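The values are calculated or read from the model by the stated rules, or taken from the named source; none is laboratory data. Quick caveat: nothing in here was measured; it's all calculated off a predicted structure. A quick note on method: Cβ atoms are made from the backbone with ideal geometry, for glycine too, and the neighbour counts reach across all protein chains shown. Surface areas here come from the heavy atoms of the whole protein model, side chains and all, with no ligands, DNA or RNA. Shrake-Rupley method; radii C 1.70, N 1.55, O 1.52, S 1.80 Å.
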Amino acid sequence: AIGKTVETYLLRKDGSKFPVELSASRWQAQNGTFFTAIIHDISVRKQIEKQIASQSKALEQRALQLSALFEIGSTISGTIELQRLLDHALASIMSSEVLQVQHKGGILLEDENRLTLVSHIGHSEAFLALHQNIGMGECLCGLALKTGEILVSDDSDCDDRHTIRYPGMKPHGHVIVPLKAMDKVVGVLYLYTIPGTRVDDEKKKLFATIGGQLGVAIENARLFEKTKEL
C-alpha cells in the first residue's frame, strides 16, 4: 500500500468489520526509516454507494418493464381480429424475458360465468380435454374469474386450489391474470412458471397492467365482430 490509496477492512474492538480508505507513505530520516498512514472510515460513503447502486438497479428494472409493456402493447394494438389478437398477445407475453414465464399457457374467455379455452401454447391432449370449459370458482382460473384478483401458485403439487389434474401433469407454478375491461372480467390469462418462482408486488402490478390492456383489446374486438354482424 506504500504510495497508494487502497480500500480495505479493519476490525473494531467488538470484532466487527468496517471499511476504510488507507493511504501510506515511507520517508527516510537520519535516525531511521519512518512510515506514515492515514486511515479514513468510509462506512457512510459505502452505505450511500450501496443505496445509489440499489436505486440504479431499480431504475434499470423499471426501464425493462416499461419496454416489455410497450412491446406487448404494440402487439395487442396491432390487430382488431379477436383470434389473431389472442394468439399474438399470448406469444408476445411468453417471449418477454422480464416476465420470466415458461413458453406454456393460454387464454380463456368468459361467457355466462364460465371460461372457454380459446388460445393456448404447449399443452397435451389430456390437458385440453379437461380445460375446454371451466366454471366460476373452479381451479385457479375459475377463482381468478370469481375474485378478479391475480393469483400466484408456487407449486401445483402443494396447492389445494389447483383442483383440475390430468395424467402426466408435472409440478409447475402459475400466474393467473384476470383480463378486465371497465372493471368486468372478460377472460383469464394463465401462465406457467418454474416451481418455487416468487412473484413480488412490482411484478404483480406489471401483470395487472397487461391484464387491463388485453382485457380492453378483447372487448373492443368483440364489439367490432358484433358490428360486422349487424
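Observations on the structure shown:
- Computed from the alpha carbon positions, the gyration tensor of region 1-80 leads to an equivalent ellipsoid with semi-axes of 53, 15, 7 Å, biggest first.
- Of the solvent-accessible surface of the chain, computed with a 1.4 Å probe and all protein chains present, 53% belongs to carbon and sulfur.
- Fraction in percent of alpha-carbon pairs per bin - 5 Å, region 1-40: 6, 22, 22, 17, 14, 11, 6, 2
- Kirkwood-Stokes translational diffusion coefficient of the chain, alpha-carbon pairs, 25 °C, 0.890 mPa s, µm²/s: 115
- Put simply, when 184-194, 147-157 are sorted by average Cβ atoms within 10 angstrom per residue, most first, you get 184-194, 147-157.
- Listed by number, the DSSP H helices of the chain that run 20 Å or longer by alpha-carbon position along their axis and have mean Kyte hydropathy of at least 0.0 come to an empty list.
- Contact order for region 83-172, expressed relative to its length and based on alpha carbon pairs under 8 Å spaced 6+ residues apart, stands at 19 percent.
- Length-normalised contact order of region 49-127 in % [C-alpha pairs under 8 Å, at least 6 apart]: 21
- A 1.4 Å probe run over the protein chains yields, for the chain, 60 Å² of accessible area per residue, whole-number rounding.
- Across the chain, Cα pairs under 8 Å and at least six residues apart give a relative contact order of 15 percent.
- With 10 Å bins from 0: P(r) over region 117-230, alpha-carbon pairs, percent: 13, 42, 33, 10, 2
- When you count the other C-beta atoms within 10 angstrom of each residue and take the mean per peptide, 34-47, 167-180, 112-125 line up highest first as 167-180, 112-125, 34-47.
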